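The values are calculated or read from the model by the stated rules, or taken from the named source; none is laboratory data. Computed from a prediction, not measured in an experiment: that's the story for all the values here. Quick reminder, even Gly has a Cβ in these numbers, built from the backbone with ideal geometry, and neighbours come from all protein chains shown. To get the accessible areas, we keep the full protein, side chains included, count just its heavy atoms, and leave off ligands, DNA and RNA. Shrake-Rupley method; radii C 1.70, N 1.55, O 1.52, S 1.80 Å.
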Amino acid sequence: MPFVIMTRSATLAIGSILFLMGAFVCAAQTYDDKIRETYDFPFGPGKISVPGNAATESNAFIPAKAFLSADYCGRCHAEAYHQWRQSLHSNSFRTPFYRTSVNILRDTKGIEFTRHCDSCHSPIAVVSGALTKNSQVDRSFDRDGLTCTTCHSIQRVQPTLGNGSYVMAVPAVMVDENGKRIPGEVPDSEIRAHPERHSKAVMQDFYHTSEFCSACHKANLPNPLNGYKWIRAFTAYDEWQNSKFSKRNPLTFYSADMQVCQNCHMRRVVPTLQEDGAKKGTFVSHRWLAGNTAVPFYYGFDEQLAKTEEFLKSGMYLNIDLFAIRKPQSDEVFAPLGSAAFEISPNETIETMVVIQNKNIGHSLIPEVRDLYEAWLEFAVADSSGKEIYHSGFLNPDGAIDERAHSFTNRPVDAKGEFVDNHKVFTIHSVAYDNTIQSGRSALVRYRFRIPADAKGPLTFSARVNYRHLRQSYLNNIFGPDHPAYPIVELGTRTRKFNLGKNLPGVQDPQDNPDWMRWNNLGIAYMDQLQYSDSLAVFKQVVQLRPDYADGYINLALTHIQWEKYAEARPYLEKALALSANNARALYYLGLVERRAGNCDAEIADFKKVVEQYPKSIDARRELGISYYQNHRYDEARAQFEALQAIEPDDLAAHYNLAVIYRRMGMKERSAQEAAMFATKQVDPGAPTYSLDFLRKHPEISIESSPWHVHEQ
């Protein structure tokens, strides 16, 4: 029967509702029984979405026809419909980019394995039981990907597991007077007569949280998918949670106001079409602007493409700093440029140090499927005649990026040490390198070149971060080499001119951060590149410029701790706490120092203070749990590790310690479960050999695997 409610009266008759709802329940049960007769359950009885995590409220299959069309919703929400149609959500399944990869999985391993991908890319296919051999389910819903009643039928999210970890109810656009959901279409007049009932059916408070997004914007590759072991895939949600924008992590280098995913990707806009959901003249965008320029380019969605490029080009996300010039012969460093005097001469070899700060992105640069996206630093030097002196990060004639370019991507490899092309994620065993920049952190990129004897000054130095969606070789795999050039967007740029000869200080660039912050970003980059001596020297420069800056002293302490020089860290932490009493970041690191010194009570006290201020801090919960465990306070340790798992269910320390604690408490079954999770989630000690094989085969890019390296002419 069609899942449509038809009434003649202006108000829904209770009897009619009960009759139609009863009929729906019967039809749905019949549908579920029919699907289960032929549905393949290779990963366990009743597990409808494994290797994904999607679930339905009743654990029953939901008929595809129960998901109302976007056209129906668009009658009252024309603006939302217009934006959605051009969005990535609307086109999550049908694009050749996604279909190329998922079809390889289907043809290689079987359609049941595609439930892993389609739990996010095509939820209706998963919950309707379409992803099984010889399915008879009508797949016309594929063209709409994530339609209105997929997201708006989700009742809860399973605690940040990812891989489509939502629980979906039968779609409804209205509830009755008792709050019971009414399946099927409802006349527009009924919705307008009872907007509060419509809102109750299609809205949930948690839709406004990052946890809602985590259902799909976090992913892993589980054993049922790859037959190998659990591997992290992408963690945009976890990256946000560890960023300054979540206000959950006391260990960030900088602070900011609380921002959830929706604040950036669903900003309020003024609708130009009918939009009954608008409030005070604005409406939350349903374009979900982010980084995908390929889909709107492919489909000719010019409006979506223009707004995506505008979003990416805002200039607010990255800070690009032409920070220093170093002379390798003498090891002299002149910094920060604009504030330091220096000389450069023809026929001289110099090294330029460029610092890229991930300033205002709530996740990494690049997030998610880094093997498919391309972001890279283009660096060029030219003399006054326009003669090119050095250029890294240019495009070759075939559209491929210069092999010497510094990219913010990764290279996953398989068990043969080969690059995992075409996003065949089920073959990934290791990652040869990952040059992403985490939120709030910085990267240092070095370029060494010789200034020609005949160069004419002044010299122009330029650095820009370019971005292309998707990787050129992947586009070639899909379309062949003769496809249009896909858009390249400049995410940020910086240019400076320097004289041949003397360059005096005081030539400031309005884009520059204050000098203390420029040094601070360099110190962060040095630390991430394991150059602790240089990091210490730089952070000392920071506190010299800002003696009142508590985080400067904490950064000095952190560098010592990373270097395993705990005693040397203590005075800096005490100085920070004198400047900023009860500073959670300082207390956390002081707790580590107290642990190394054997001061158990002080260690626990410090971590407790951090947890009191930041109850959702992953690191603080973990360390407090370890402290309790080491002091044989097992009940308290258990409480911390269980709280940690509620925040981050994939935390290895929680799995390991709970396995031991449960065992000691006689909870053998739970202990075994945690031990099994630890065993599959810990890194395979043999995995680095696959990466080494790849790097040996590709010396042209092996330099990218080094924590720090120089790009030479």
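From the square roots a ≥ b ≥ c of the eigenvalues of the alpha-carbon gyration tensor of segment 219-274, which class results: rounded (a/c under 1.5), prolate (a/b over b/c), or oblate? Verdict is oblate for segment 219-274. Summing charges over neighbours of THR436, with a neighbour being any other residue whose Cβ is under 14 Å away from its Cβ, gives -4 when K and R count +1 and D and E count -1. Taking a ≥ b ≥ c as the square roots of the eigenvalues of the alpha-carbon gyration tensor, segment 288-407 is classed prolate because a/c is 1.5 or more and a/b outweighs b/c. Listed by chain and number, the aspartates and glutamates whose alpha-carbon sits under 16 Å from that of LYS609, ignoring those within fewer than 8 places in the same chain, are GLU574, GLU594, ASP601, ASP619, GLU623, GLU636. Take every DSSP beta bridge whose two residues both sit in the chain; close to 90 percent of them are antiparallel. Taking a sphere under 12 Å around the Cβ of GLU368 and counting the other residues whose Cβ falls inside, with K and R at +1 and D and E at -1, yields a net charge of 0. Close amide-amide hydrogen proximity is noted between VAL431 and VAL413, each under 5 Å apart and 5 or more residues distant or on a separate chain (H modeled in the peptide plane; Pro and chain starts excluded). For PRO452, neighbours were defined as the other residues whose beta-carbon sits under 13 Å from its Cβ, and their charges (Lys and Arg +1, Asp and Glu -1) total -1. Taking each residue as 0.36 nm, the span from GLN508 to ARG268 lengthens on full extension beyond its C-alpha to C-alpha distance by 82.8 nm. Its relative contact order, with pairs defined as Cα atoms under 8 Å and 6+ residues apart, puts the chain at 11 percent.
Largest accessible area first, the residues LYS280, LYS47, LYS668 order themselves as LYS280, LYS668, LYS47 under a 1.4 Å probe with ligands, DNA and RNA left out. Evaluated on segment 275-333, the Kirkwood hydrodynamic radius is 15.3 Å, with distances taken between all distinct Cα atoms. Calculated mean residue ellipticity, 222 nm, the chain: -11500 deg cm²/dmol, from DSSP H runs (n ≥ 4) at -39500 (n - 2.57) each, averaged per residue and rounded to 500.
In this structure, ALA605 and LYS697 have a Cβ-Cβ separation that, at R0 = 41 Å, corresponds to a calculated FRET efficiency of about 0.20. Extension gain for the segment THR349 to GLN544, taken as residue separation times 0.36 nm less the Cα-Cα distance, is 67.1 nm to one decimal. If the segment from LYS313 to LYS247 were pulled out straight at 0.36 nm per residue, it would be longer than the present Cα-Cα gap by 21.1 nm. In the structure shown, the pairs LYS47/LYS681; LYS359/LYS575; LYS327/LYS575; LYS65/LYS424; LYS180/LYS244 are assessed against 30 Å; a Cα-Cα span above that value is assigned to LYS327/LYS575; LYS65/LYS424; LYS180/LYS244. The peptide list 456-465, 669-678, put in order of mean Cβ contacts within 10 Å with the highest first, becomes 456-465, 669-678. Given axes a ≥ b ≥ c from the Cα gyration tensor, I'd like to know whether segment 129-182 is rounded (a/c under 1.5), prolate (a/b larger than b/c) or oblate. In terms of gyration-tensor shape, oblate. The orientation-averaged shadow of the Cα convex hull for segment 468-549, equal to a quarter of the hull surface, comes to 9.9 nm². Dividing the mean sequence gap of close Cα pairs (under 8 Å, 6+ apart) by how many residues segment 603-713 holds gives a relative contact order of 15 percent.
Calculated on the alpha-carbon coordinates, the convex hull of segment 336-426 measures out at 177 cubic angstrom per residue.
Taken over segment 562-634, the ratio of Cα radius of gyration to 2.2 N^0.38 Å equals 1.04. First obtain the Kirkwood hydrodynamic radius of the chain from its Cα pairs, then insert it into the Stokes-Einstein equation at 4 °C and 1.567 mPa s, and state the resulting D in µm² per second as a whole number. D, rounded to a whole number, is 46 µm²/s. Between ASN223 and GLN155, the modelled labels are 3.0 nm apart [label points 7 Å from Cα along Cα→Cβ].
For segment 504-611, GluC sites (Glu not before Pro) are listed when DSSP marks them as loop and at most 14 other Cβ atoms sit within 10 Å of their Cβ; the list is GLU564.
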